[in-house]
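K.L.:
There's a structure below that I have some questions on.
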Amino acid sequence: MGTPKPTQDYRGAFALLTLLFFMWGFITVTNDLLVATFRSIFALTALESSLVQFAFFGAYFVISLIYYIVSLVFGDPINRIGYKSGMVIGLTGAGIGCALFYPAAQLASYPFFLLALFVLASGVTILQIAANPYATIMGRPESATGRLNLAQGFNSLGTTLGPLVGAILIFKVFSSGQQSTTAVASAYLVYALLF
């Protein structure tokens, strides 16, 4: 279910897939901006501000572990629902996580921001679970490694541009001259729309 036929032309679909790789690279490194921004806004210690990375990458571990256990007990969920449905679920989760930044900003709640990051990263994790193998089966088997490497290259491009674009959005476009939860939430609402 969801496995493409080798005779199909997947250039357009692969271009969209590489955009997804770009997006999750982009959103992942924006955490670095959040660490410094939240540290300033909420007057956090270094340990408290490191919870940004803990919440985000902790979701990778938790969701991957849950996925593994579910796969052992019930079979691989992506094989049941298909790669595309898996990516839609991942994108939806990531979008919801980004949208949760708005109520977190309204409440000025650091724990709520951490929850939003966990939900966001959960969506990105599901997206990766579906997108990585899908990239390898979109076309001839002998070029599978090349497709995955190209997609990963766009992921790296996202990690290169993410901090720059995030800084522009948070500190220039949505800022009124000072760091604020509203500026962070506004940037993440843009990301929610993109997801």
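The values are calculated or read from the model by the stated rules, or taken from the named source; none is laboratory data. Computed from a prediction, not measured in an experiment: that's the story for all the values here. Cβ atoms come from the backbone with ideal geometry, glycine included; neighbour counts cover every protein chain shown. These area figures cover heavy atoms from the full protein model, side chains too; ligands, DNA and RNA do not enter into them. Shrake-Rupley method; radii C 1.70, N 1.55, O 1.52, S 1.80 Å.
K.L.:
Could you please tell me which pairs satisfy a Cβ distance under 8 Å, a separation of 6+ or placement on different chains, a first residue in segment 96-116 that is without any contact (Cβ under 8 Å) to a residue 24 or more places away in the chain, and a second residue that is in a loop (DSSP other than H, G, I, E, B)?
P.N.:
Once the first residue is without any contact (Cβ under 8 Å) to a residue 24 or more places away in the chain and sits in segment 96-116, its partners that are in a loop (DSSP other than H, G, I, E, B) give PHE112/LEU100.
K.L.:
Looking at ALA185, ALA108, ALA94, can you tell me which residue is in contact with a helix residue (DSSP H, G or I) (Cβ under 8 Å, 6 or more places away or on another chain), over 16 Å from ASN31 (Cβ atoms) and aliphatic (A, V, I, L, M)?
P.N.:
Values: ALA185 fails: over 16 Å from ASN31 (Cβ atoms); ALA94 fails: over 16 Å from ASN31 (Cβ atoms).
Going through ALA185, ALA108, ALA94 in turn, the sole match is ALA108.
K.L.:
Also, I was wondering about something else. Of the residues in segment 36-65, how many are closer than 18 Å to LEU127 by Cα and either among the basic types (Lys, Arg) or surrounded by 13 or more Cβ atoms within 10 Å (Cβ to Cβ) (or both)?
P.N.:
9
K.L.:
Enumerate the pairs (first residue in segment 33-44 and farther than 12 Å from PHE171 by Cβ; second residue anywhere and small (Gly, Ala, Ser) and assigned to a helix (DSSP H, G or I)) with beta-carbon separation below 6 Å, excluding pairs fewer than 6 apart on the same chain, so at least 6 apart or on different chains.
P.N.:
VAL35/SER49; PHE38/SER49; ARG39/SER49
K.L.:
Could you identify the single residue in MET23, MET87 that is farther than 28 Å from LYS172 by Cβ, of a type in the set (A, V, I, L, M) and open to solvent by less than 50 Å² (accessible area, probe 1.4 Å)? Can you show your working first?
P.N.:
Values: MET23 fails: farther than 28 Å from LYS172 by Cβ.
Of the residues listed, the single one that is farther than 28 Å from LYS172 by Cβ, of a type in the set (A, V, I, L, M) and open to solvent by less than 50 Å² (accessible area, probe 1.4 Å) is MET87.
K.L.:
Based on what the data block shows, is ILE66 more than 30 Å from GLN178 (Cα to Cα) and of a type in the set (A, V, I, L, M)?
P.N.:
Working: more than 30 Å from GLN178 (Cα to Cα): yes; of a type in the set (A, V, I, L, M): yes.
Yes, satisfied.
K.L.:
Identify, please: which residue in segment 53-83 is within 10 Å of ILE129 (Cβ to Cβ) and hydrophobic (A, V, I, L, M, F, W, C) and is, among those, nearest to the chain's Cα centre (by Cα)?
P.N.:
ILE63
K.L.:
Testing ILE96 on (1) among the aliphatic types (A, V, I, L, M); (2) open to solvent by less than 60 Å² (accessible area, probe 1.4 Å); (3) at pLDDT 95 or above; (4) over 24 Å from THR45 (Cβ atoms), one condition comes back false. Which one is that?
P.N.:
(2)
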